[in-house]
Structures are given as structure tokens and as C-alpha cells.
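A.B. asks: One structure, as C-alpha cells, below. Some questions next.
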Amino acid sequence: MATRTFETQAAASHAEVEREIVSYDPSTGEELGRVPLATAEEVAGAVARARAAQKGWGALSFRERGAVVMRARALLLEGMDEVAALVSRESGKPEAEALAMEIVPTLDLMQFFARKSERMLRPERLDIGLYRFMGRTSTIVYRPLGVVGIISPWNFPWAIPLGEVVMALMAGNAVVLKPSELTPLVGLKIGDLFRRAGLPEGLLEVVTGDGRTGAALVEAGVDKIMFTGSVATGRRVAEAAARKLIPVVLELGGKDPMVVFEDADLSAAAHAAVWGAFANSGQACASVERCYVQESVAEEFTARVLSVVRALRQDPSARGGADVGAMSSERQLRTVEEHIRDAVARGACVLAGGERLQCAGTFHAPTVLADVDHTMAVMREETFGPVLPLMTFKTEEEALRLANDSDFGLTASVWTRDLRRGRRVAERIEAGTVMVNEVLYTHGIAQTPWGGVKQSGLGRTHGRLGLLELVAPHHIHVNRLARLHDVWWFNYTPGAARLFRSLARRFATGSLLQTLLLSPQMLRRYRERKGK
Ligand code: TXE
């Protein structure tokens, strides 16, 4: 069986010649399987099949679409251990973590969108102010976009694409999914789940491949791209999409701060910091990547963190019982080593971990750093690994300044027993989501919007805001009094101009009373028209 080292990842390039992607188990380096590397023509074919299938699907009721999603959900529930095992094998995370962070949230998401999409997308009557007294109504009707392209990463290879697939399908779209080249088998498993659930052919096409396959998907004439990945690739996707005028949602990761005030429950905060930084081996876009502790409790908090870290189990041979799994790739592990090396060279102190494990897999020990500052890469760039840098602050203002001193803004977390302070600080942190006394997990709450500000991306997934990204709002405007010609139509007589001045002064105030004062002028205008 082939095994993987950094150098032999070049095996991938050998396989590319054969137009294949090789999938490896990062915790052992063993080959798991091979899948096709789809060409641009094959991607275009998938988009064409999806477009043909979407017409009938978009015409179904929410109930009918929801029934397919609920069948897929039942199959997932039945086969969850098999899915968790595959996710664990292909991504390196412990099976328990795959269950907790990928299966449970998606089961909840599936029932939520299957049952609630209709309500969230029901036609909406708009308040059009004084125009309603002119016999008019405005309604927004949400229609499917058509074909949605989803380009997904390897860190949550099941939960991220599956959630977006469900939302796109419930909104009446067809989907072409390009899973990460590191986790193609999990991507194919998503396609398999919906096929077994009876989703009509063509509605979910899974095209396996690498960045070139993703780039081909952007070029293939889809109606929207949902992208999750790095800032650099996200920018390339947005540029290509802009040339085709296709909208994009970009989820580009974060450098998420955790702020611990002196009045926080230090035990809970320490456990949360450790889980927030080391769950998924730190490879979550909402991982705690910077931890700021108020100086007066820094010593106690650090001691608590270290004692929780010491109890963590990391065992390359135990999929079920370990806490901190393998990292997804050697490249990722090298970024972690580089950030630690840079931090130490600039004066940081390693309080725990600090090194990779000597084994065939890509494991890195959970690492705690102190004496860090914002000149270090570990405080500025996404580390995306099991590293928890601790830094102290004195005042609330200083904590806010440090938390906001970042190019990213995905999530943040504030720890305090004073919930008024928690909300106050939360409102001033620049991030898509700020949690008070929680970390990391709100991607798992399907009802809440997910997305960031600054370099963390554009748009939202999840919740109603996420669902609205997957539909086209159609504005239907109806005039029930068509007999009465509008006063602003031709001809522009001197009387008309006088009326328009009055409209500017009175009607445009939004006041019905003011507008009623215009009645005589309006009547004159109608009579003037009638005379013609
Ligand atoms: O991501 P890429 P990578 C961050 C994290 C990580 C870094 C690099 O910091 O260290 O990104 O990860 C497809 N057109 N995140 O290199 O390249 C690719 O095939 C279209 C944060 O794995 O962005 C894959 O399916 N698609 C993040 C997907 O893009 C292209 C999760 C992501 O790959 C493409 C993962 C192109 N030109 C990494 N090139 C998060 N937001 O949570 C590549 N792809």
C-alpha cells in the first residue's frame, strides 16, 4: 500500500498524469483510494445535467423537496458510524469528534431546513409607504437560482458541503459539488447518500479533482459559487466569478480571538480555550487562535489551561479514544511548525507541546505559547493547527484593541460573568459572530448565520440569511387602480411641474396628512389629463 510523506505527495502529481486523485489517511499515511480528476469538459457536463434536472426540482413544493432531505437524514442516522469512520480515516480526526462536530450538527441542519425553508422563503409583502394608498402592492417572491457550485475544504469534509447542499436543494436549486482533493471519498459519500434517498439524477453532481477542477466549475456557467477555503484561493475564485458576473459567498477562515476577563468562570474558560484551540487539531476556521487574558488572572488561568492540556490524549493508533487527532496534511503541519519557530525566535515561550509526534501520521502535539505579541505570525496569520497563544491585557479597551487588530473577523469569544459587559464588548468586536461564554461551535447551530467580515469573507451560510444567498428575490409590483393614470406620466405641463414641486415638499415626507393637502392639485392634474 502506498504511504504518504511530504515528498511523496508528489505521488499526487504522478497520479494526475493518470488523471486521478489519491486519497490518504493522514494518521497513518496509507492510501485509502483513488478517484477521477475531473476535466473542464466533465465539469461542464455535470453542470449541464444539473441544469436540466433543476427545472423539475424547482417546480416541486417545499414538502416534496423536504421529503427527500428527510429520507437522506434517516439514512445518515442509520449509517452514522460508517460515515464517521470514513470522515475519521480521510481527515485524521477521532471518530468521536467526527460524530460530535460533523454528524450531529448535520442531522439537526437537515431537519431544520427540510421543515422550515418554506416559512423562511415565503412571499413577503413589503411596506411601500404612501404608495399603498394608490392601490399598489409589492411582494418579494423567492425563486431558485438554478445551479449552485459548491467548492469545499478538507477540515469539515462532511458538515461544510452537506449543509450547503441541503440548503441549496431546499431552495430549489441543483448542485455541483467539488470536494477538497484531500477528502474526495467523503465528498462522494454525500452524493451517494442523496442518491440512495431518491434524489432525482443530476440534482447533485459530485466532481472530484483539485484546484483546476474548482476553477473549471467557476467557469462552467453556474449561477452562484459557495466557496470555503483560504483567502488566496477565495480571492482567485472571486476574481474569476467577477469576470463572469456570478455572485459568490466566501468563507475564508479566521484568526479568532478569545478574551478572558478577570471575573470569568476560569475553569469553564480554560476548558473552552483548550477545546476551542485543539478540537479538529485546531483546523477549524473558528478555532481559538489568539487568547487574551486579563493580567490579574493570567497566572491562574494559564495553570488551569496547562492542567487541562496535560490530560489530553493523543494516540496515533486510537481513532475512537483519542482527543486530538492528526492534521489533515503535511503542508498544514509545516505551517504550524513555522509559526511556532517564528514565535520562539521572537521571544515566545513554549509552555506545552511545541513539536510534531514522531510517527507515520501527521500529528502535532497540542501547544501552548506565552510571551507572544502581534509581530509574530502566530498572532497574525491563520495557523490552522493545535496552537494556543496566550497574551495578557490590562483594560477592556486594550482587550478590544488587541481583538480587533487582525485582518480577519470570523468569530470571537468573550468570557465574563457580567453579561452586560459581555454584550457591550461583543458589540464592539469586528467579527461575523461573537459568543459570550462560548467558543467555536455556532457553525453547528444551523439556525444562525455563518460568515465573517474583513478577510474572513463575503456573505453568509446557514440560517435564513444563508438560505437567502441561495435564492433570487423577485419583486412583483401590482397596481390595482390602473384606470387612474399616474400623475408623473407625460405631458410635463407647467401645472405638472408645480405638482411635482409639491410632491417633493409633501408626499416625499412620507406623511399621509401632508400628502392629503395635495388633493386639490392632484385633482387638477387628473382633470387636465382628462381634457386631452
Ligand atoms: O485551501 P484552498 P487549502 C485555510 C487554512 C489553510 C489554508 C490552505 O489556513 O491552511 O486555507 O488550505 C479548491 N479555483 N483554510 O490550500 O486552496 C480546492 O481544490 C477554485 C481555511 O486546502 O483554499 C479545495 O476544494 N477552487 C478554511 C478548496 O478550493 C480552487 C478551510 C479549498 O482549497 C482553486 C480550509 C481555484 N483556483 C483551509 N484552487 C476555512 N475557511 O475554514 C483550489 N481550489
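A.B. asks: Among Val237, Val166, which is among the aliphatic types (A, V, I, L, M), under 24 Å from Ser456 (Cβ atoms), within 15 Å of the ligand (Cβ to nearest atom) and not in a strand (DSSP E or B)?
C.D. replies: Val237
A.B. asks: Return the total of residues in segment 205-224 being within 10 Å of the ligand (Cβ to nearest atom), among the hydrophobic types (A, V, I, L, M, F, W, C) and either touching a Ser or Thr at 6+ places or on another chain (Cβ under 6 Å) or touching a residue at least 40 places away in the same chain (Cβ under 8 Å) (or both).
C.D. replies: Number satisfying all stated conditions: 3.
A.B. asks: Name the one entry in Glu118, Glu78, Glu64, Glu124 that is within 25 Å of the chain's Cα centre (by Cα) and of a type in the set (Asp, Glu).
C.D. replies: On the way: Glu78 fails: within 25 Å of the chain's Cα centre (by Cα); Glu64 fails: within 25 Å of the chain's Cα centre (by Cα); Glu124 fails: within 25 Å of the chain's Cα centre (by Cα).
Checking each option against the conditions leaves just Glu118.
A.B. asks: Under 6 Å between Cβ atoms, at least 6 apart or on separate chains: pull out the pairs that start in segment 433-452 with a residue that is polar (S, T, N, Q) and end on any residue that is in a strand (DSSP E or B) and at pLDDT below 95.
C.D. replies: none
A.B. asks: Filter segment 145-162 for residues that are more than 14 Å from the ligand (Cβ to nearest atom) and either closer than 16 Å to Ala238 by Cα or among the small types (Gly, Ala, Ser) (or both) and give the result.
C.D. replies: Scanning segment 145-162 gives Gly146, Val148.
A.B. asks: Next question. Any residue at all in segment 309-320 that is at pLDDT below 95, over 25 Å from Val434 (Cα atoms) and aliphatic (A, V, I, L, M)?
C.D. replies: Yes, because at least one residue in segment 309-320 is at pLDDT below 95, over 25 Å from Val434 (Cα atoms) and aliphatic (A, V, I, L, M).
A.B. asks: Just checking, does segment 391-405 include any residue being in contact with a helix residue (DSSP H, G or I) (Cβ under 6 Å, 6 or more places away or on another chain) and buried (at least 24 other Cβ atoms within 10 Å of the Cβ)?
C.D. replies: So far as segment 391-405 goes, no, none of its residues is in contact with a helix residue (DSSP H, G or I) (Cβ under 6 Å, 6 or more places away or on another chain) and buried (at least 24 other Cβ atoms within 10 Å of the Cβ).
A.B. asks: Here is a further query. Looking only at segment 336-370, how many residues end up being outside any loop (DSSP other than H, G, I, E, B) and of a type in the set (A, V, I, L, M, F, W, C)?
C.D. replies: 12
A.B. asks: Would you check if Glu398 is over 21 Å from Arg304 (Cβ atoms), over 23 Å from the mean Cα position of the chain (by Cα) and not in a strand (DSSP E or B)?
C.D. replies: yes
A.B. asks: Quick check on segment 267-290. Is at least one of its residues part of a loop (DSSP other than H, G, I, E, B) and basic (Lys, Arg)? Explain how you work it out, then say what you get.
C.D. replies: Our first condition is that a residue be part of a loop (DSSP other than H, G, I, E, B); within segment 267-290, this holds for 283-287.
Among the residues that remain, those that are also basic (Lys, Arg) are: none.
No - not one qualifying residue is present in segment 267-290.
A.B. asks: Determine the pairs where a residue that is over 16 Å from Val218 (Cα atoms) and in contact (Cβ under 8 Å) with a residue 24 or more places away in the chain, located within segment 242-256, has a partner that is more than 13 Å from the ligand (Cβ to nearest atom) and in a strand (DSSP E or B) with Cβ atoms under 7 Å apart, the partner being 6 or more residues away or on another chain.
C.D. replies: Lys255/Arg290; Asp256/Val288; Asp256/Ala412
A.B. asks: Out of curiosity, is Leu193 in a helix (DSSP H, G or I), over 23 Å from Leu250 (Cα atoms) and at pLDDT 95 or above?
C.D. replies: yes
A.B. asks: Let me ask something else. Please tell me if Phe227 is more than 8 Å from the ligand (Cβ to nearest atom) and touching a strand residue (DSSP E or B) at 6+ places or on another chain (Cβ under 6 Å).
C.D. replies: Against the criterion (more than 8 Å from the ligand (Cβ to nearest atom) and touching a strand residue (DSSP E or B) at 6+ places or on another chain (Cβ under 6 Å)), Phe227 does not qualify.
The values are calculated or read from the model by the stated rules, or taken from the named source; none is laboratory data. Note that the coordinates shown come from a computational prediction; the quantities given were computed from them, not determined experimentally. We place every Cβ from the backbone using ideal geometry, glycine too, and count neighbours over all the protein chains shown.
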